[in-house]
Amino acid sequence: MVVPGRNHYTNRDGDTMENLIEVECLKHVYPDKTEVSICGLHFTAKEGERVTILGPNGAGKTTLLYHILGLLKPVEGKVSVMGMEPFNQFNELRKHVGVVFQNVDEQIIGPSVYDDIAFTPRSEGYSKEQVDQMTRDISHRLGIEQLLNKIPHYLSSGQKKKVALAGALVMSPKLLILDEPFDSLDSKSKTEMIGILNEITKEHGTTIITTTHDINIVPYIADTIYILNNGSIVAKGNPQEVFSQSELLNDANLETPILSELFTRLRNRGFEVNIPYTLDDAEQNILKIIEKP
């Protein structure tokens, strides 16, 4: 069952956490008079929670992210991040937030990869030695040390994505926002990035908010899923709760994950299987079918 928003969240260690982010029925008017409203369920995120936002194009996903980042100011509604109003307290909040935009060419500004990753710690007044250590540490973590002296313009799309992620993580942010981070990545790079993001959440308690069109990877990156449709947050739940609602997904023009579709067909053929959400779950289901006398 898809459940409405709650005030508290129990993390994977069993600790109850307060909301790090709260968004309630915001409305924004763009310069061309286009109005975007995002109401329905309240949007919340807790410390160490991995949140994925799904929805068709034009549903308001990017508008929601920009309000959380403080790049837009709502005409109506509430946006609170770490107890601050993002737009009015942007300079304070940005010290604790990392972001990777969908078009990373717009955010990679350094003449070299090293300079781009080092930009924020330099701007925050860290010493040359500290900047160098931070830049090399995160580059090693992401496996891009060999790119540090390269000119970003000549990198592949996947390499640029990793450079942007390094720049977002170099200050060890409390909140990491990723807008379509897996676009242009090959299968191996996606797997590597998913592993890195999950390690960062586990080690540092970083809250990660992601938008993606790659619905099949969502179970690997999300504790909580929100679905936006026609300017409304229509659902909230874990992957099992959300992906079991095929009618809800269809209404939002979202595909059912391929594993869910496959095992639903098997159930319709009379096989007693649960609907899996990861390959490991699917493997166990198939082994039970094979081993059943």
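The values are calculated or read from the model by the stated rules, or taken from the named source; none is laboratory data. Please read all numbers here as calculations on a predicted model, not as lab measurements. Cβ: placed from backbone, ideal geometry, glycine included. Neighbour counts: every protein chain shown.
Do the conditions hold for D251, that is, is it within 17 Å of the chain's Cα centre (by Cα) and closer than 30 Å to T34 by Cβ?
It is false that D251 is within 17 Å of the chain's Cα centre (by Cα) and closer than 30 Å to T34 by Cβ.
Figure legend. Inter-residue proximity from the range 26-37: first residues at pLDDT below 90, second residues among the polar types (S, T, N, Q) and loosely packed, with under 15 Cβ neighbours inside 10 Å, beta-carbon distance below 9 Å, spacing 6+ or different chains. Indicated pairs: H28/T34.
For the range 199-207, the criterion of a residue being closer than 18 Å to L54 by Cα, surrounded by 15 or more Cβ atoms within 10 Å (Cβ to Cβ), assigned by TED's automatic domain parsing to the domain that holds A168 and touching a Phe, Trp or Tyr at 6+ places or on another chain (Cβ under 6 Å) is satisfied by no position.
Return yes when A222 is over 12 Å from the mean Cα position of the chain (by Cα), buried (at least 19 other Cβ atoms within 10 Å of the Cβ), closer than 29 Å to N253 by Cβ and assigned by TED's automatic domain parsing to the domain that holds L249 and no when it is not. Criteria not met by A222.
Q240 satisfies every condition listed in (1) surrounded by fewer than 16 Cβ atoms within 10 Å (Cβ to Cβ); (2) closer than 24 Å to G195 by Cα; (3) not assigned by TED's automatic domain parsing to the domain that holds E180 except (3).
The rows are residues; the columns are (1) touching a residue at least 60 places away in the same chain (Cβ under 8 Å); (2) under 22 Å from T62 (Cβ atoms).
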| site | (1), (2) |
| --- | --- |
| H153 | no, no |
| G167 | yes, yes |
| I196 | no, no |
| I208 | yes, yes |
| N216 | no, yes |
| V234 | yes, yes |
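Residues that are out of contact with any Asp or Glu (no Cβ under 9 Å at 6 or more places or on another chain) and outside any helix (DSSP H, G or I) within the range 232-244 comprise S232, I233, K236, G237, S244, listed in sequence order. For S260, the conditions (1) closer than 29 Å to G98 by Cα; (2) surrounded by 21 or more Cβ atoms within 10 Å (Cβ to Cβ) all hold with the exception of (1). Only one entry in E124, E106, E76 is touching a Leu at 6+ places or on another chain (Cβ under 7 Å), of a type in the set (D, E) and loosely packed, with under 14 Cβ neighbours inside 10 Å, namely E76.
Scanning the range 127-151 for residues that are surrounded by 14 or more Cβ atoms within 10 Å (Cβ to Cβ), within 22 Å of the chain's Cα centre (by Cα) and either of a type outside the set (V, I, T) or not in a helix (DSSP H, G or I) (or both) yields a total of 4.
All of (1) modelled with pLDDT under 85; (2) within 20 Å of L54 (Cβ to Cβ) hold for P257 with one exception: (1). Scanning the range 61-99 for residues that are aliphatic (A, V, I, L, M) and either touching a Cys at 6+ places or on another chain (Cβ under 7 Å) or assigned to a strand (DSSP E or B) (or both) yields V79, V81, M84, V97, V99.
For the range 257-293, filtering for residues that are part of a loop (DSSP other than H, G, I, E, B) and farther than 18 Å from D223 by Cα leaves 8.
Scan the range 196-203 and give yes if some residue there is under 15 Å from I109 (Cα atoms), part of a helix (DSSP H, G or I) and not aliphatic (A, V, I, L, M), otherwise no. First the steps, then the outcome.
Initial filter on the range 196-203 (under 15 Å from I109 (Cα atoms)): none.
There is no residue in the range 196-203 that is under 15 Å from I109 (Cα atoms), part of a helix (DSSP H, G or I) and not aliphatic (A, V, I, L, M).
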